[in-house]
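One structure below.
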Amino acid sequence: MTPYHIPVLVAEVLEILKPNSGALFIDATLGGGGHTKALLDRGSEVIGIDQDPEALEYVRQRTDLNHANLTLVEDNFEHVSDSVKAHSAKPVTGILFDLGVSSHQFDTPERGFSFQSSAPLDMRMSPSQAVTARDLINGLGKHELYDLFTKYGDEQLARPISEAIIRARMRKPIDTTSNLAQLIEKVYHGRRSHLHPATKVFQALRMAVNDEMNVLKNALPAAVNLLAPGGRMAVISFHEGEDRIVKHFMKDLPADTYQELTDKPITPTPEEIAQNPRSRSAKLRGVEKIQL
């Protein structure tokens, strides 16, 4: 079985969560199960949640994750509280959120997350979602596209890209990842960047399709409310906007009930980035519910 996902900051996550035998942990973003395996190896029980059925099926097929202490749940982590309460009455010792897209989702062309190959513009993390990236690209107005690319992608050329999209779709709909990527490349017209010209627009579309910011804002308070006294939550983000939400959420928690475990976000070592370049933008923050 080929690797599904290289988990990020595993040792650092374990240091924050401090898993122990018999304790219940929630992996709210199961993905390929890398972090879950590390928790299981410490003897913990894990409820692994993912809205992507392909992720759940992959974990079911992993022989090293065929474990009696693992419960799999197909759901959006926005519903973390309901998902946990439906499957266990045990106190929750720790919760992990590893935000963003898994390597499998990026590397499966038909999912439409990547501009590296031609595929339908999809970008849904769950097939049950109604809206695709194609719907947004061909349905939003110029100003709506500009706002989307600016808010979620910090795209400096948001305005000319939006205008180019409007012109192009008047001739025919923009249906594929390659159509959109080539259009953006033409707007950049030789401008130098360490990122592919389409990177930020694709990121913005993915975040909008999956409503990632709002889902995160709803999930964080639900998650900390699940924690037993002494329980800990760790969050890995890959986007400045997401990290900002996590940072302010943790800082605004009542000081008599919660304690921040990270004054500054923990980031990957140069060695980890060299082994897994996709980890380069990862930021890890943690918080503990104080034992009264």
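What follows is calculated from the coordinates using simple rules that are stated; it is not laboratory data. Owing to the predicted nature of the structure, the values given are computational and were not obtained by experimental measurement. Positions of Cβ are generated from backbone atoms using ideal geometry, with glycine treated the same way; all protein chains shown enter the neighbour counts.
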From DSSP H assignment alone, runs of 4+ in the chain each adding -39500 (n - 2.57), the sum over residues rounded to the nearest 500 puts [θ] at 222 nm at -12500 deg cm²/dmol
The summed charge of the residue 268 Cβ neighbourhood (under 11 Å; Lys/Arg +1, Asp/Glu -1) stands at 0
Of every Cα-Cα pair in the stretch 130-209, the percentage lying beyond 15 Å is 50
Other residues with Cβ under 10 Å from the Cβ of residue 288 give, with Lys and Arg +1 and Asp and Glu -1, a net charge of +2
Contour minus Cα-Cα span, residue 175 to residue 163, at 0.36 nm per residue, comes to 2.6 nm
Which residues qualify? For residue 262, with a placed amide H closer than 5 Å and at least 5 residues away or on another chain, they are 286
FRET efficiency (residue 144, residue 89; Cβ distance; R0 30 Å; to 0.05) is 0.10
For the stretch 237-244, Karplus-derived ³J(HN,Hα) couplings (6.51, -1.76, 1.60; θ = phi - 60°; whole Hz; x for glycine and proline) come out as 10, 10, 9, 4, x, 5, 4, 5
Expressed in nanometres to one decimal, the distance between label points 7 Å along Cα→Cβ at residue 244 and residue 260 is 1.6
quick shape note, the stretch 186-283: Cα extents on principal axes in Å, largest first -> 55, 33, 18
Computed for the stretch 154-272: size of charge dipole around the Cα centre, +1 on C-beta of each Lys and Arg, -1 on C-beta of each Asp and Glu, debye to nearest 20, value 760
Ranked output for segments 34-40, 176-182, 67-73, 124-130 by mean other Cβ atoms within 10 Å, highest leading, reads 34-40, 176-182, 67-73, 124-130
Rounded to two decimals, the Rg over Rh value of the chain from Cα coordinates and the Kirkwood Rh reads 0.99
Straight-line reach check, residue 200, cutoff 21 Å on alpha carbons, 8 or more apart in-chain or any other chain, hits among lysines -> 142, 151, 186, 283
Per the rule of 0.36 nm per residue minus the C-alpha distance, extending residue 74 to residue 6 adds in nm 22.4 nm
To the nearest 20 debye, the stretch 130-209 has a Cα-centred charge dipole, built from +1 on Lys and Arg Cβ and -1 on Asp and Glu Cβ, of 240
Once residue 251 and residue 21 are pulled to full extension, the length gained, defined as 0.36 nm per residue separation minus their Cα-Cα distance, is 79.8 nm
Under the 7 Å Cα-to-Cβ spin-label approximation, residue 211 and residue 61 lie apart by a distance in nanometres of 3.1
